[in-house]
Amino acid sequence: MSVKTLIRRLALAGLAAAVLTAAGCGSSAPHNPGTGHNMPAASVPASANFNAADVSFAQMMIPHHEQAVRMAEFAGTRAADPQVQQLATQIKTAQGPEIATMKGWLDAWGQPTAAPMGGMHGDMPGMMTEEQMGSLENMTGIAFDREFVRMMIAHHQGAVQMAKTEQAQGANVDAKALAATIEKAQTAEIATLQQVLDRLK
């Protein structure tokens with residue numbers, strides 16, 4: 001093999017390695033904004049670009065989701081209606097991984113999980129008071145089903161409002177994509193929950 005041929009092959013190999021390295025470093029697992037069920041449980045932002053709206057969205061949506069999951073867990077032992085039980089499972093399955101995702105983002109951004117002053121409920125539309133949560137926890141059967149659905153409709157409406165704010169004011173592409181996912185999924189669930197409430201009246 002001539003020296004020129006050897007040099008040429010080495011140069012091509014180096015170029016291929018560089019391309020593969022760049023592809024590996026620049027890629028990230030794409031999020032699926034379709035259903036809210038395919039967000040990676042511990043993903044980090046594809047871009048480090050974020051602003052105060054992104055941080056606020058994650059810090060407030062985490063406890064908002066956590067309360068919805070808590071309500072869904074109540075339904076596991078208290079709901080009588082099969083569709084209410086199914087919706088509760090759906091909510092828990094979707095929002096649990098989203099909580100982990102947002103916590104991962106805040107960690108990657110070097111931001112605290114909790115919002116300043118603990119993330120006051122007044123800043124999070126749709127949040128239930130502890131009194132409301134306690135009242136729901138003490139219900140069973142059809143009474144639980146009706147109150148759960150009423151509360152979850154209001155809770156989802158608040159999440160949709162927060163998601164719209166993030167899409168309008170945020171900078172991080174993944175945070176805005178998750179906000180779009182939340183808006184789409186929970187808007188659909190609101191329609192279903194309203195149908196269930198009409199049926200249970």
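Go through Glu189, Glu183, Glu147, Glu131 for me and flag whichever is of a type outside the set (Lys, Arg) and either touching a residue at least 60 places away in the same chain (Cβ under 8 Å) or not in a helix (DSSP H, G or I) (or both).
Just one listed residue meets the conditions, Glu189.
Across the range 74-84, what is the total count of residues that are touching a helix residue (DSSP H, G or I) at 6+ places or on another chain (Cβ under 7 Å) and surrounded by fewer than 17 Cβ atoms within 10 Å (Cβ to Cβ)?
So the count comes out to 3.
Might you check whether a residue that is in a helix (DSSP H, G or I) and more than 17 Å from Ala52 (Cβ to Cβ) occurs anywhere in the range 166-176? Break it down into steps so the answer makes sense when it comes.
From the range 166-176, those in a helix (DSSP H, G or I) are 166-169, 173-176; that's our starting set.
Pick out the ones that are also more than 17 Å from Ala52 (Cβ to Cβ) and you get none.
Checked against the condition, which is being in a helix (DSSP H, G or I) and more than 17 Å from Ala52 (Cβ to Cβ), the range 166-176 yields no hits at all.
Does Gln95 satisfy the condition of being exposed (fewer than 14 other Cβ atoms within 10 Å of the Cβ), in the same structural domain as His64 (by TED's automatic domain parsing) and assigned to a helix (DSSP H, G or I)?
no
Only one of these conditions is not met by Ile142: (1) in a helix (DSSP H, G or I); (2) crowded, with 16+ Cβ neighbours inside 10 Å; (3) touching a residue at least 60 places away in the same chain (Cβ under 8 Å). Which number is it?
Only one criterion is unmet by Ile142, namely (2).
Within the range 146-162, work out how many residues are of a type in the set (A, V, I, L, M, F, W, C), surrounded by fewer than 24 Cβ atoms within 10 Å (Cβ to Cβ) and touching a helix residue (DSSP H, G or I) at 6+ places or on another chain (Cβ under 9 Å).
4
The values are calculated or read from the model by the stated rules, or taken from the named source; none is laboratory data. Please read all numbers here as calculations on a predicted model, not as lab measurements. Neighbour counts run over all protein chains shown; Cβ positions are idealised from the backbone, glycine included.
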